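The values are calculated or read from the model by the stated rules, or taken from the named source; none is laboratory data. Everything quoted here is computed from the prediction, not taken from an experiment. Note: ideal-geometry Cβ built from the backbone for every residue, glycine included; neighbour counts use all protein chains shown. These accessible areas exclude ligands, DNA and RNA; they are computed on the full protein's heavy atoms, side chains included. Shrake-Rupley method; radii C 1.70, N 1.55, O 1.52, S 1.80 Å.
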Amino acid sequence: MEVRVHAPSEQSFDSIRAVAVAIAAVHDDQRHLGILHRDRSVGEVRLLHLAWHYILRDSTPKPCYLWIDPPIPEARARQVAALCRRVFRSNVRGIPYAFSAPNDCFDESTARFLLGPTRHGLTCASFVLAVFDAAGLALVDYSTWPQRPEEDARWQRQVLDQLRAANASPEHVNAVERQIGGARYRPEEVAGAAASDSIPARFDAVKPRADAILERLAALRLTCRGQEDRSGI
Amino acid sequence: MTDQMVDFRGATSSSEDKNLWRETVHSRARERLQPNVGRIQQHGKAAYFSGFQSEESGSWSVRSSFLDYLVAAGMARRVFYTRKSRFLVVGRATHRSGRQEHFAAEELQRSPSEGFLQRAMRLEKQGAVDAALDLVYDQVDGMLKTGRFDQVNRLLSMVEAESLSLDLLLGLLTVTLPARSKLPDRGRLFSGAETALKKRGQWEEGLLAGLES
């Protein structure tokens with residue numbers, strides 16, 4: 001696993017093939033996840049990430065991120081990169097933050113990518129899953145993901161409070177509240193899936209990799225600016 | 001259907017930056033196009049695009065090879081033709097801060113779907129692979145978003161896998177994956193892709209995994 005998890009101080013973002021998963025610690029008990037993608041037209045590596053409610057960013061990656069090279073053919077990695085660019089172009093208004101499942105995010109009745117009438121939004125981690133899923137490269141085996149209603153509900157309720165504080169619409173807040181208790185895909189777990197030998201990765205294979213990634217973040221003392229200032233990530 | 005600006009990335013630069021970009025493009029045009037190609041015009045609304053107007057005929061005309069050059073040279077992200085033969089040149093500008101911004105504009109077209117694929121192949125030949133992929137993704141996704149499944153399916157029924165590169169084959173299969181149940185001829189392209197890639201020695205295990213119809 002270790003050979004595919006890199007700190008930019010050891011191997012720069014320029015080393016990515018076409019796409020990589022990036023994870024950063026934003027404070028002690030919170031991580032943030034995004035997708036590094038190479039745009040050869042402009043010679044840049046960018047970080048596509050769902051920073052917050054209706055804040056989808058395609059930014060210059062900060063050195064506080066670890067990056068993980070997913071186990072996919074390079075030609076497919078180029079397609080994920082193209083998809084990243086397309087997702088950013090076609091979601092200029094951002095994407096709402098919620099706890100919808102990341103698979104099958106394409107609504108066939110409306111042909112609208114990522115969201116349809118039955119989906120309310122994504123988290124930073126489920127956004128990453130959704131993009132890879134849309135490219136036919138599911139990172140995780142969803143059927144193996146545990147339900148952790150007590151642990152996850154605690155975090156989900158914090159997010160709900162933050163959405164209220166951010167003046168999210170009452171309809172959205174109500175929809176998100178109904179989603180509390182659903183499966184949560186934690187950033188380090190999605191990163192662990194990307195670090196697996198093959199995808200879709202089962203949860204039992206992901207867990208030790210996720211723990212190792214957390215240890216690596218802690219050991220390198222890589223922390224991005226706090227989540228309170230969402231512009232920082 | 002009228003030409004319609006569907007989406008604008010929302011990034012605009014200062015007038016100074018736009019002028020600089022426009023002057024640069026214009027000087028390149030003078031070098032590469034016939035001398036009688038006329039001025040560049042900037043049009044308003046939310047999009048930033050420029051076109052060339054022939055002073056002789058008074059109608060918009062353009063050399064597609066020049067537009068491809070702009071993309072390959074990194075001076076434009078994307079170029080589209082419209083039904084009225086205008087084109088949109090998506091530019092980029094450097095702010096005083098050094099921050100680069102890319103303008104993006106999408107436009108729905110009713111031009112034959114095969115047209116954009118030819119352009120993508122030409123871009124790819126010039127080395128602008130990512131620009132070629134962006135064109136394919138924008139065009140096909142735009143058609144899917146507006147429910148033109150028949151049009152996309154017709155494209156898939158006509159395209160020959162042997163004529164497409166690995167990247168364009170995967171691009172078509174990837175961008176059409178979410179709507180696969182509405183594209184009966186997608187399976188034909190998938191099978192053709194597998195055959196063509198194996199024949200060309202580009203096949204590897206898992207290359208098409210997850211893209212099946």
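Evaluated against (1) touching a residue at least 24 places away in the same chain (Cβ under 8 Å); (2) at the interface with chain A (Cβ under 10 Å from one of its Cβ atoms); (3) open to solvent by 10 Å² or more (accessible area, probe 1.4 Å), B:Arg119 falls short on exactly one condition, (2). Evaluate the following for A:Arg46: is it among the charged types (D, E, K, R), more than 9 Å from chain B (Cβ to nearest Cβ), farther than 20 Å from A:Ile213 by Cβ and not in a loop (DSSP other than H, G, I, E, B)? Yes.
Total residues in the stretch A:1-43 satisfying the condition of being within 14 Å of chain B (Cβ to nearest Cβ) and under 16 Å from the mean Cα position of the chain (by Cα): the figure is 2. Checking B:Ala132 against (1) surrounded by fewer than 22 Cβ atoms within 10 Å (Cβ to Cβ); (2) in a helix (DSSP H, G or I); (3) of a type outside the set (Phe, Trp, Tyr): exactly one of these is not met. Which one? Here B:Ala132 meets the rest and fails (1). Taking the stretch A:144-161 as the range and being in a helix (DSSP H, G or I) and either within 14 Å of A:Arg186 (Cα to Cα) or in contact (Cβ under 8 Å) with a residue 60 or more places away in the chain (or both) as the test, the residues that pass are A:Thr144, A:Pro149, A:Glu151, A:Asp152, A:Ala153, A:Arg154, A:Trp155, A:Gln156, A:Val159. Of the residues making up the stretch A:53-79, those that are within 9 Å of chain B (Cβ to nearest Cβ), of a type outside the set (Lys, Arg) and surrounded by 24 or more Cβ atoms within 10 Å (Cβ to Cβ) are A:Ile72, A:Gln79. If the condition is being within 23 Å of A:Ala135 (Cα to Cα) and open to solvent by 20 Å² or more (accessible area, probe 1.4 Å), then the stretch A:187-225 contributes A:Asp197, A:Ser198, A:Ile199, A:Pro200, A:Arg202, A:Phe203, A:Ala205. Does A:Ala168 satisfy being open to solvent by less than 20 Å² (accessible area, probe 1.4 Å), in contact (Cβ under 8 Å) with a residue 12 or more places away in the chain, part of a loop (DSSP other than H, G, I, E, B) and closer than 24 Å to A:Tyr97 by Cβ? Spelling it out, A:Ala168 is indeed open to solvent by less than 20 Å² (accessible area, probe 1.4 Å), in contact (Cβ under 8 Å) with a residue 12 or more places away in the chain, part of a loop (DSSP other than H, G, I, E, B) and closer than 24 Å to A:Tyr97 by Cβ.
Filtered by the rule that a residue be part of a loop (DSSP other than H, G, I, E, B) and either open to solvent by 70 Å² or more (accessible area, probe 1.4 Å) or touching a Leu at 6+ places or on another chain (Cβ under 6 Å) (or both), the stretch B:184-213 gives B:Pro184, B:Asp185, B:Arg200, B:Gln202, B:Trp203, B:Glu204, B:Glu205, B:Gly210, B:Leu211, B:Glu212, B:Ser213. Only residues that are within 12 Å of chain A (Cβ to nearest Cβ) and closer than 19 Å to B:Leu197 by Cα were counted in the stretch B:133-172, giving 9.
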